[in-house]
Structure formats: C-alpha cells, structure tokens
Amino acid sequence: MAYHSGYGAHGSKHRARAAPDPPPLFDDTSGAYSSQPGGYPAPGADVAFSVNHLLGDPVANVAMAYGSSIASHGKDMVHKELRRFVSVNKLKYFFAVDTAYVAKKLGLLVFPYRHQNWEVQSSRDVPLPPRQDLNAPDLYIPTMAFITYVLLAGMALGIQKRFSPEVLGLCASTALAWVVMEVLALLLGVYLATVRSDLSTFHLLAYSGYKYVGMILSVLTGLLFGSDGYYVALAWTSSSLMYFIVRSLRTAALAPDNMGGPAPRQRLQLYLTLGAAAFQPLIIYWLTFHLVR
C-alpha cells in the first residue's frame, strides 16, 4: 500500500509537469473597453468616421466620393476616345501650362476688363504655347473646371438631401452635352461666315469650356451666401465671360486675312461672335440654378 501511495504521488507530479495549460485560442481584448459599461469604446477612442468631415454631412461626403469617381471615369473615357481620333502631339499644345499661367488666366476670366492686348502671340508663324502667352487658349483649365463642377454639384445635392447617382450623372452629362452642342454650332457658324482663321475645334472647345469657371464661382457663392449671392456672382461671371469671349473670338475672327472681306461677311462674323457671347449666361444659369436653393 505504501508503494502504491508513493507511485500515485510520483505519477501525479509527473502528470503536472507533462501537461501544461493549453494557450488560449483568442486574446482577451476586453480590457480595452473595461472603463465603459457594455464594452463600448471610450469617448477619446479613435473612430473611423469623423463627423466634422465635409460640413458634418455624410450624404454630402458620399456625393463627393461618387462625383469624383464619375469624373475620373469620364476623364479616362475621353482620353481613350481622343487617342483614337486625335494626335496626342496636337493636344500637348493645349495642355502646355504652368502654375503662373493658370493663376493669371483665372484672374483674366474673372476680371478681363483691364487687359489690353488680346492677340495670340507667335514665333516664326508658330503660336506660342499657353505657358508663354496668356491669350493662347488651353484645355487644362476647362478640363479641371469640369471635374470640379461635377464634384461641387455632388456636394450641393448631398447637402440638400437630393443626391442620387442618377441625378449627378445627369448633371455631368448635361454639362458636357451643352458644350459639345455649342462647339458644333460655332463650327457651323464659322463655316457659313467663311471665316479664314486659325480657329480649330480645340480652340472653340477651350473657349466654350471656360464657362465652367463661372459656374463654379456661382454655385460656390450660392452655397455660402444663399440665392442672393448666387445671382450676384452669376451676373458678374456672366458679364466677364461675355467680354472675354467677344474680345478673344473677335480678334481671331477679324484677323488680317478677314479684314478686307465684304461688309456683309464682316457683319456676319461680328454677329457670330456676339451670339456666342450672349449664349454663355443662359447656359451657366441653366446648369447651376437647380444646385442652389
């Protein structure tokens, strides 16, 4: 019996050393929230969503993100289609800009009344790129302004609780369609007026796309100051754009090659320029009035 008891004690000690406690399958993380009942995070814990982001409106945040994706997708599609039909080297001229040019051009679009020389400069019969000539048209500002307009439209619709992917897509497609129709109408007018100038489709697209700058300023002012601020900004940007379009297109349409033409043709060219300028406020209002309430 003594032998049996010793064997039992010896065996229990052996089993205690040979069978340690198994490690836990999961780490105990309850200590992180032990200070709060129910396992909720402490007031200072880091949360994924910040309520201060984008005016504290999650719907506006979603609208901005969706608008950014639409704008990026549309930009990629446009670039893909342009590579199929247009030489990239020709487009490089209209995107040859720098920071100084963009800043001065935006200032010229907002306040063009003190600008004196509107002729596009050239060197050895080759037009200077936009970064070397403020009067040269570019496509960088219209492209970036269009994307910004889509983002701003998404934010405005989100703040007003009217955002939906269909409505934002309709805003973007409508804004692009109006510019395309305007360019086609200008091309037809240039053809009927028999204007011999260096204006190409890209030139007209650039001049037509500058309206997005006025649209952005009008909508942004309307969101900040209400409908009164919107109409004040609309009046200012529309008049500035009209003056800019008249001076730019008139200089190109009434070039030295066209100065000696018959009087009826010169009047038709002038009417074409004035008509293109007068059409700008209507498009700006039509594309922006529903974004300000």
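The values are calculated or read from the model by the stated rules, or taken from the named source; none is laboratory data. None of the values given here were measured: they were computed from a predicted structure. Methodologically, a virtual Cβ is constructed for each residue, glycine included, from the backbone with ideal geometry; neighbour enumeration extends over all protein chains shown. Quick note on the areas: whole protein, heavy atoms, side chains included, nothing else; ligands and nucleic acids left out. Shrake-Rupley method; radii C 1.70, N 1.55, O 1.52, S 1.80 Å.
Once phi is turned into ³J(HN,Hα) by the Karplus curve 6.51 cos²θ - 1.76 cosθ + 1.60 with θ = phi - 60°, what whole-Hz value does each residue of segment 127-142 show in order, with x for glycine and proline?
With coefficients 6.51, -1.76 and 1.60, one gets x, 6, x, x, 5, 10, 9, 5, 7, 6, x, 9, 10, 5, 5, x Hz.
Can you list the residues, at least 5 places off or on another chain, whose amide H is less than 5 Å from the amide H of residue 128, using H built in the peptide plane?
Answer set, sorted by chain and number: 121, 122, 123.
What does the extension gain come out to for residue 102 and residue 232, with contour length at 0.36 nm per residue minus their alpha carbon separation? Mind showing how you got there, number by number?
Values: separation 130, 0.36 × 130 = 46.80 nm, distance 2.44 nm.
Separation in residues times 0.36 nm, less the Cα-Cα distance, equals 44.4 nm.
Once phi is turned into ³J(HN,Hα) by the Karplus curve 6.51 cos²θ - 1.76 cosθ + 1.60 with θ = phi - 60°, what whole-Hz value does each residue of segment 112-122 show in order, with x for glycine and proline?
x, 6, 9, 6, 9, 8, 10, 7, 6, 7, 9
What is the packing order of peptides 227-239, 120-132, taking the mean over residues of other C-beta atoms within 10 Å and listing the highest first? Working shown, then result.
Working: 227-239: 17.4, 120-132: 13.4.
Highest-to-lowest ranking by the protection proxy: 227-239, 120-132.
Measuring from label point to label point, each 7 Å out along Cα→Cβ, what is the residue 174 to residue 125 span in nm?
4.7 nm
Karplus couplings for segment 178-187 from phi (6.51 cos²θ - 1.76 cosθ + 1.60, θ = phi - 60°), rounded to Hz, Gly and Pro as x?
4, 5, 4, 5, 5, 5, 4, 5, 5, 4
What distance in nm separates the two pseudo spin-label positions at residue 285 and residue 115, each 7 Å out from Cα along the beta-carbon direction?
For residue 285 paired with residue 115, the spin-label model returns 2.5 nm.
Whole number in Å², please: accessible area per residue of segment 142-289, 1.4 Å probe, ligands, DNA and RNA not counted. Walk me through the intermediate numbers first.
On the way: 6810 Å² over 148 residues.
Per residue, segment 142-289 has an accessible area of 46 Å².
Ranked highest first by the average count of other Cβ atoms within 10 Å around their residues, in what order do 100-107, 207-214 fall?
Details: 100-107: 14.5, 207-214: 24.4.
Per-residue mean Cβ counts within 10 Å order the peptides as 207-214, 100-107.
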